[in-house]
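For reference, the structure discussed in these notes is given below.
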Amino acid sequence: MTVTVSLAEQLRPVQHVVLDFDGPVCSVFAGFPAPVVANRLASGLGNAPDNWLAEEDPMALLRQVSAERPEATMAADELLERLEVEAVGTAEPTPGAEAVIRACAASGRRVWMVSNNAPRAIEEYLAARDLRQEVSGVFGRPIGDPSLMKPNPHLLLEMLAAASAEPTGCVFVGDAVTDVQAGLAASMPTIGYANKPGKDVALARAGATAVVDSMHVIAEALTRSSCV
Ligand SMILES: [Mg+2]
């Protein structure tokens, strides 16, 4: 358990735990699969070209729409927001995620959400699980401007301003290379959550300060390194 011990040391000075939503908190599209969501998005926009209809990643499709037909960006983003709200109704909670959130409260730390998902979807998920009051702030993508999504550090910088915090007093937990990139751009250390084979190497190479394969490991480290 040396990994946990070093992680506990790393987390000792941390007062703000910042969680990416899809992955570290839940699997958003567990019951309403991402390719189906992407297809509903493309077909809902009218005159969708073949490359939109072939795209299986809803966020990638939103970026494509914004790049190729900027005037359709707001309508696409609002439709995706509605689809995400529908998706979180059947999202699958990540094992250990709630333990991390509760461990933060128990150890005197604050929890924040920074995600490329729509704020309304995140809020609804948290409220449905009675977790909203444990989270100090939710920073989801600004609807209508996908350029501000991670790897852009915009959302992390907004969180820092809201918390009046220095990045060194925070840790970001994300499951994507773009999370690590956003963390680096905001000077915030990022723990990689490797929830699929091969992700550990990619997240470490991107610059994650630690990589775990279970959110329970983070919960345990937070409990061991109480900052109160
Ligand atoms: Mg994620």
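The values are calculated or read from the model by the stated rules, or taken from the named source; none is laboratory data. This structure is a prediction, so every number in the text was calculated from the model and none was measured. Counting neighbours? That spans all protein chains shown, and the Cβs are built from the backbone with ideal geometry, glycine included. Accessible surface is based on the protein model in full, side chains and every heavy atom, while ligands, DNA and RNA are left aside. Shrake-Rupley method; radii C 1.70, N 1.55, O 1.52, S 1.80 Å.
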What percent does the relative contact order of the chain come to when contacts are Cα pairs within less than 8 Å and at least six residues apart? 27
Let me test this: with uniform point scatterers at the alpha carbons of the chain, what is the Debye-based log₁₀ I(q)/I(0) at q = 0.10, 0.15 1/Å? -0.43, -0.96
Probe 1.4 Å, protein heavy atoms only - accessible area per residue of region 34-88 in square angstrom: 47
Send over the per residue convex hull volume for region 127-228, Cα only, as a whole number of Å³. 134
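For the chain, which whole percent of the accessible surface, found with a 1.4 angstrom probe, sits on carbon and sulfur atoms? Each step should come with its number before you reach the end.
Working: 5140 of 9630 Å².
Of all accessible area on the chain, carbon and sulfur atoms account for 53 percent.
Could you give the dipole magnitude of region 34-88 about its Cα centre, charging the beta-carbon of Lys and Arg +1 and that of Asp and Glu -1, in debye to the nearest 20? Working shown, then result.
Values: 4 positive and 11 negative charges, 16 e Å.
For region 34-88, the charge dipole is close to 80 debye.
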If I model a spin label at E56 and T90 as a point 7 Å from the Cα along the Cα→Cβ vector, what separation in nanometres do I get? 1.8
Which value in deg cm²/dmol, rounded to the nearest 500, describes the helix-derived mean residue ellipticity at 222 nm for the chain, given -39,500 (n - 2.57) per DSSP H run of n ≥ 4 and division by the residue count? -14500 deg cm²/dmol
So the angle from the long Cα axis of helix 154-163 to the longest Cα principal axis of the chain, reported in degrees to the nearest 10, equals 40
Gain in length, A161 to K196, computed as 0.36 nm per residue apart minus the alpha-carbon separation, to one decimal in nm? 9.4 nm
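Using only the Cα atoms of region 34-88, build the gyration tensor, take square roots of its eigenvalues as a ≥ b ≥ c, and label the shape rounded, prolate or oblate: rounded if a/c is under 1.5, else prolate if a/b is larger than b/c, else oblate. Working shown, then result.
On the way: a/c = 1.73, a/b = 1.27, b/c = 1.37.
Since a/c reaches 1.5 but b/c is at least a/b, the shape of region 34-88 is classed as oblate.
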What residue among S136, S164, S147 has the largest mean-square fluctuation in a Gaussian network model of the chain, using Cα springs under 10 Å? S164
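Could you calculate the contour length gain from A105 to S147, that is, 0.36 nm times the residue separation minus the distance between their Cα atoms, to one decimal place in nm? The partial results should precede the final answer.
Numbers: separation 42, 0.36 × 42 = 15.12 nm, distance 3.27 nm.
Difference between extended and current length: 11.8 nm.
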